[in-house]
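What follows is a short report on a single structure.
The values are calculated or read from the model by the stated rules, or taken from the named source; none is laboratory data. Keep in mind that this is a model prediction, so the values were computed, not measured. Positions of Cβ are backbone-derived with ideal geometry, glycine not excepted, and every protein chain shown enters the neighbour counts. What goes into the accessible areas is simple: the full protein's heavy atoms, side chains included, and nothing from ligands, DNA or RNA. Shrake-Rupley method; radii C 1.70, N 1.55, O 1.52, S 1.80 Å.
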Amino acid sequence: MVNNSLTGTLEPFRPAHGNQVLWYTCGPTVYDACHMGHARAYLTLDILRRIMEDWFGYDVVYHVNITDVDDKIILRARQEHLFKEWRSQAMDNEAKTAGQVLAHVLGESDAAMERKAAKLAKSRKQLQVPLPQGAGSREVEDHEAAVKGQELKEAQLAETTGKLQELKAKASAVKEEGALRELASSAVSLCTSELGELVDARKGSSVEEHAVFDAHSSKFELAFFEDMEALGVRPPDVVTRVTEYVGRIAKFVETIVDKGLAYEANGSVYLSIDAFKAAGHSYRKLKPFAGDTSEADMAEGEGAIGDASAAHKKHKNDFALWKASKPGEPWWTSRWGKGRPGWHIECSVIASDILGPNLDVHAGGVDLKFPHHDNELAQSEAFYGHSQWVNYFFHAGHLDIKGLKMSKSLKNFITIRQALEKHSARQIRLMFLLQPWDKNMNYSDQTVADAKAKEALFRNFFGSVKAKLAESASAEAGEGAPSLLPGKQGGPKWLAEAVGWRNGPAHQWDAARSSGSADAQLCKAVSACSDAVHAALARNFDTPAALQALIGLVKEVNSYLAWCEATCAVPLLRKACALVTKVLKCLGVVEGADDLGFPLDLGGGKGGSSEGGLKPYLDTFRDFRHEVRGLMRGKDAAAASGAVLAACDKVRDETLPKLGVRLEDLGDGSSRWKLDDPEVLLREMEERRERALAAAREKSAKKLAAAQKKHSDALQHAVPPAELLPSTKAKDFLEFDGQGLPTKDAKGEPVTKSALSKLKKMVETHRKAHDKLLAAAAKEGCSVEQLIQAYAAAVVALEAENQ
């Protein structure tokens, strides 16, 4: 069962051509670096594809198209091209002094920020128009998101403006040439995007060389595929580009026009929604959908530059198949003059050329549902004259950050490369696997931490099972052990012992289990896990449920290992570990050819595991280290034991992790080694170091606070008891006796007995603290004043340590 956005229901998946699946995915518009929102879409669809291919055995033909000509690309390419020219002219003008350069840059920056503020004010005014009565839930949600986005943009503008004002204030006090040029450079860096928009508004129409746009899109196309490789996304079977199909796109549009379902207006061509419906077709098929097409929807569909010919449309919902190119835009010749493809038409033409007139699967992010995918359906059905171009639509959910969709326009994004600096590709994949693929999800510290915790759980599981398998496979039976293999000497330890279900009743392991052997129960758990994973993946690619099934098996095996100790059923352990590996490999969490666990490459980059080659050396070192630790703990080595044990810990914590070796000290005094990814171990080592530093800082801060309190208390307690109330309560009382107790209050009245009793207790408490301070000074052989000075010096020293 799959969630088909075409029907809005879960329905059985049945490809049109037996086992073959014709799958088209909308690729990126390559105008900038990919962010984690793109990773959400493409990595999620990679997971679905892997499940189709590797678990269910479908023959998937996976096609991805690259949008390398589009309004966003045109704008960004022009802006970067013109900005570089402007920056060179503004910053490298040797005829101007540094002061003149700075003045010019600040003036341009002000103009750019004013332009941006005016643009935001206009969009704010549009958002203040109330929604029509009875607006659908989608329109309400979109409006609320737009308001939040507007608020974020306004806050970002205010922050940038504030920083620009701070920079101006600094500039007024600077005279040195180098410092002035540095401030000019800072202003340019601060307002780069706004300055790019400003110079494009002035000179954008002058840029018409295709090379400017081609170079820009090529740069980010390469970056996209590098990012996908870094994330472990399986390469597509077919890759196409829009610019290589422009001629065929024009012919495709001609056919729709000739059928009377599209029309030319001022050099652009539009699909006529009225004619399309009159021909028996339906428009806006994807679910859920309610209400008419809004102005925001149409603006999204027509692109960032807009369409100068839109005023000539017959109906507001008609959308562009072909756009007349304006000055500053790339163009190709066509029946209607110089122009370029509309946004939606590319997918219809190219996907149909590669996969044919009917697709099994069309996939992309949920933000493409409308207008992009609905318009694709309409123009394809108009061309072919049928009513079903795509059988199943898969839409991956948004990635939200702080309640808003992650996007370039909101500047609330984290690039894939930035994310990979902090987290591994495996952790990012697990983060997506732990969420439903077709629902929105939050990118937060919590979701990342959950993924890291699950990775650690699987890593420790693989390490424990592989260590037990290695022990059982290599340790030979001792002398006198019964021979189960007549005629053979030695052999694996587990074959020299009893086999079969040999562990006792399961109730000794877990009282909640039914009667039977622990081995039999574990065997049932492995089978149950396999069934649960299959059912979950068959139920709309339910990867969270599949992972929970694996986690359940991992915990079951861990409990089994802890209970059975040396009498484990070795083949059963391998079966459990192989199942977990198989599922994680299908999901892309495990790569490589290893049968068990995460792959390791510790053998000079040749791939695969190097456990066999390293094992004798690691065993020898482990045993040696264990022996030394035992000797140094003896009575005769008391003086040296601390240093030797510290050296052993340093090898464990610092040296071996760099080699990809995790060495664990066990409760019985022995040790166990596991091979792991050096990057993971080094990252853990760095995290431990950071935690230790944080703990040390916290300890030092507490020590400082204690010293400050000690000094403050000493200053208070140094006051003689008879002077306490006269020095602190002078405003409350007029007279005091020889012991420092008040006799008359501020009004000249005798102090009441109850008030005097409380004050006596205060003085007595202070007297005890004073006497204690005198005793501390006497113990140190100094005066109270000298002791307080020593306390103050201790505070100063600790403050220096905390800086």
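Summarising the amide proton neighbourhood of S517: residues at separation of 5 or more, or on other chains, whose placed amide H is nearer than 5 Å comprise A506. At full extension, E799 and K658 could sit 47.2 nm farther apart than now, given 0.36 nm per residue minus the alpha carbon distance.
Given a 1.4 angstrom probe, what's the average accessible area per residue across the chain, in square angstrom?
Working: 39510 Å² over 803 residues.
Dividing the accessible area of the chain by its residue count gives 49 Å².
Backbone geometry of the range 783-789 corresponds, through the Karplus equation with coefficients 6.51, -1.76 and 1.60 at θ = phi - 60°, to 3J(HN,Hα) couplings of 7, 4, 4, 5, 5, 5, 4 Hz, x marking Gly and Pro.
Sequence-ordered 3J(HN,Hα) estimates for the range 34-43 from the Karplus curve with 6.51, -1.76 and 1.60 and θ = phi - 60° stand at 6, 10, 5, x, 5, 4, 4, 6, 6, 6 Hz, glycine and proline given as x. Spin-label pair D92-S387: with each label point 7 Å from Cα along the Cα-Cβ axis, the two points sit 6.3 nm from one another.
In order along the range 762-770, phi translates into HN-Hα couplings of 4, 5, 5, 4, 5, 4, 5, 5, 5 Hz, rounded to whole numbers, per the Karplus curve 6.51 cos²θ - 1.76 cosθ + 1.60 with θ = phi - 60° and x for Gly and Pro. Extension gain for K203 to E421 (0.36 nm times residue separation, less C-alpha to C-alpha distance): 74.7 nm.
Peptides 780-789, 80-89, ordered by how many other C-beta atoms sit within 10 Å of their residues on average, highest first, read 80-89, 780-789.
Computing FRET efficiency as 1/(1 + (r/R0)^6) for D771 and D649, where r is the C-beta to C-beta distance and R0 is 41 Å, gives about 0.30.
On the beta carbon distance between A535 and K408, with R0 = 60 Å, the FRET formula returns roughly 0.95. Dividing the summed helix terms, -39500 (n - 2.57) for each DSSP H run of n ≥ 4, by the number of residues in the chain produces a 222 nm estimate of -18500 deg cm²/dmol to the nearest 500.
Among the listed pairs K122/K326; K468/K674; K369/K405; K84/K338, those with a Cα-Cα distance over 21 Å are K122/K326; K84/K338. Of the residues Q79, F621, A250, the one whose Cα sits farthest toward the positive end of the charge dipole of the chain, with +1 on the Cβ of Lys and Arg and -1 on the Cβ of Asp and Glu, is F621.
Under 5 Å between amide hydrogens, built in the peptide plane, is the criterion, and for K744 it picks out L734, E735, V751 among residues at least 5 positions away or on other chains. Between the range 368-439 and the range 318-358, the alpha-carbon centres lie 23 Å apart. Specify the inter-centroid distance of the range 1-69 and the range 201-246, based on alpha-carbon positions, in whole Å. Cα centroid of the range 1-69 versus Cα centroid of the range 201-246: 20 Å apart.
Length gained on full extension, Q786 to H315, computed as 0.36 nm times the residue gap minus the Cα-Cα distance: 160.4 nm.
Nearest 0.05, what FRET efficiency do E679 and A215 give at R0 = 25 Å with Cβ-Cβ as r? It comes to 0.15.
Under 5 Å between amide hydrogens, built in the peptide plane, is the criterion, and for D542 it picks out L537 among residues at least 5 positions away or on other chains. The modelled label-to-label distance for the pair A456/E764, using points 7 Å beyond Cα in the direction of Cβ, is 5.4 nm.
Protection proxy ranking, highest mean first, for peptides 93-105, 48-60, 345-357, 22-34: 22-34, 345-357, 48-60, 93-105, where packing is the per-residue count of other beta-carbon atoms within 10 Å, averaged. Taking label positions 7 Å along the Cα-Cβ direction at both L715 and E166, the computed distance is 3.3 nm, reported to one decimal.
Protection proxy ranking, highest mean first, for peptides 670-676, 245-251: 670-676, 245-251, where packing is the per-residue count of other beta-carbon atoms within 10 Å, averaged. For M228, the accessible area of its heavy atoms, probed at 1.4 Å with every protein chain present, is near 10 square angstrom.
For the chain, the residue among I345, Q418, V680 whose Cα projects farthest onto the positive side of the dipole built from Cβ charges is V680.
Nonpolar atom fraction for the chain, defined as the carbon and sulfur part of the 1.4 Å probe accessible area, stands at 54 percent. Under the criterion of Cα pairs below 8 Å and six or more residues apart, the relative contact order for the range 700-803 equals 34 percent.
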